[in-house]
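Working notes for the structure below.
What follows is calculated from the coordinates using simple rules that are stated; it is not laboratory data. Remember, it's a predicted structure, so these values are computed and weren't measured experimentally. Every residue, glycine as well, gets a Cβ built from its backbone with ideal geometry; the counts of neighbours run over all protein chains shown.
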Amino acid sequence: MITIYTPEEIEKIRISGKINYQVHKHLEKLIKPGITTKYLNQKADDFIRSKGGTPTFLGYKNFPASICISIDDEVTHGIPGERKLEEGQIIKIDIGVTKDGYISDSAYTYPVGKIDNEKERLIHHTQKMLQIGLEQVKDGAHIKNIGAKIIEYANKHKYTVVRELQGHGVGKELHEAPDIPNYGKYGIGTKLKTGMVIAIEPMINAGSRKIYLLEDDGWTVITRDGKPSAIFEHTVVVTESG
């Protein structure tokens with residue numbers, strides 16, 4: 001079932017989303033070589049709770065941390081720990097915030113110090129793919145238009161799209177219907193409707209799209225060829241105009 005949220009519920013999701021954004025801006029200032037991912041996780045947890053929210057990911061299907069932090073060839077779902085950040089890495093921070101029973105989900109990719117041109121280009125184009133995906137969102141548009149536009153752009157710029165993971169509805173639960181794949185064909189599939197709330201999150205690899213799950217922790221997804229991966233994600237509401 002796809003949930004159509006009321007204006008009052010959408011306002012609550014917006015408040016959650018504002019906190020989510022603030023957490024990202026808070027962490028962005030702390031990212032530098034030498035700090036641990038555990039440190040960023042604790043700072044995120046503290047900040048979310050200081051705003052009256054709770055970290056959605058903590059305990060979700062037994063996930064052991066408050067946020068996901070994935071480095072370089074780690075695509076997503078990385079578990080924070082004692083690992084120290086190093087100059088030239090890129091890190092993906094994925095945050096879920098629950099406030100008054102409503103959830104927002106957002107991810108950004110950040111440089112650690114100075115990064116090489118390949119990683120700079122990957123971040124730039126992945127963020128662009130999120131933006132062009134968002135531009136497809138409006139009442140009556142086919143959901144797969146989002147992915148069609150994303151993969152069209154990815155192919156043009158010689159990137160690959162992770163297909164096993166995708167965007168999703170969000171609101172009262174972290175993952176709701178509908179699924180929002182980052183690939184597809186125009187004009188087919190379910191249509192978006194005013195009041196739907198969705199998280200669009202292109203996961204883009206610099207090399208092959210092939211991935212695998214790290215057996216050691218059962219969560220972290222990694223590129224098979226060791227090439228870097230980037231992600232950007234926003235939670236948005238569907239309206240008549242966009």
The rounded separation in angstrom of the Cα centers of segment 163-225 and segment 80-120 is 17 Å
Which of Ser66, Ile95, Val197, positive extreme of dipole for the chain (C-beta unit charges): Val197
Calc'd 3J(HN,Hα), segment 205-219, phi into Karplus 6.51 cos²θ - 1.76 cosθ + 1.60 (θ = phi - 60°), Hz, glycine/Pro = x, comes to 9, 6, x, 5, 7, 5, 9, 8, 9, 5, 5, 4, 10, x, 10
Yeah, the chain with a ≥ b ≥ c from its alpha-carbon gyration tensor (a/c under 1.5 is rounded, else prolate when a/b outruns b/c, oblate otherwise) is oblate
Environment charge at Gly140 (Cβ cut-off 14 Å; Lys +1, Arg +1, Asp -1, Glu -1): +2
Net lengthening on full extension, Glu8/Lys51 (0.36 nm per residue, minus Cα-Cα): 13.5 nm
With Met196 itself left out, Lys, Arg at +1 and Asp, Glu at -1 over residues whose Cβ is under 10 Å from its Cβ give 0
Post the alpha-carbon centroid distance, segment 28-71 to segment 123-138, in whole angstrom. 25 Å
Taking R0 as 41 Å, what's the FRET efficiency between Arg83 and Glu135 from their Cβ-Cβ distance, rounded to 0.05? 0.70
Taking the Cα centre of segment 7-237 as the origin, how large is its charge dipole in debye, to the nearest 20, when only Lys and Arg (+1) and Asp and Glu (-1) carry charge on their Cβ atoms? 540 debye
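Need one word for segment 144-242: rounded, prolate or oblate. Basis is the Cα gyration tensor (sqrt eigenvalues a ≥ b ≥ c); a/c below 1.5 gives rounded, then a/b vs b/c decides.
Verdict is oblate for segment 144-242.
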Value of relative contact order over the chain, rounded to a whole percent, pairs C-alpha under 8 Å and six or more apart: 22 percent
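Please give me, ordered by residue number, the chymotrypsin sites (Phe, Trp or Tyr not before Pro) of segment 154-242 that lie in loop per DSSP and have at most 16 other Cβ atoms within 10 Å.
Those that pass, being in a loop and sparsely packed, are Tyr186.
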How large is the charge dipole for segment 1-134, taken about the Cα centre, if only the Cβ atoms of Lys, Arg (+1) and Asp, Glu (-1) carry charge, to the nearest 20 debye? 320 debye
Would you tally the net charge around Ile115, using a Cβ to Cβ cut-off of less than 15 Å, leaving Ile115 out, and scoring K and R as +1, D and E as -1? -2
Sorted by chain and number, the residues with a modelled amide H under 5 Å from that of Asp225, at a separation of 5 or more or across chains, are Ser208
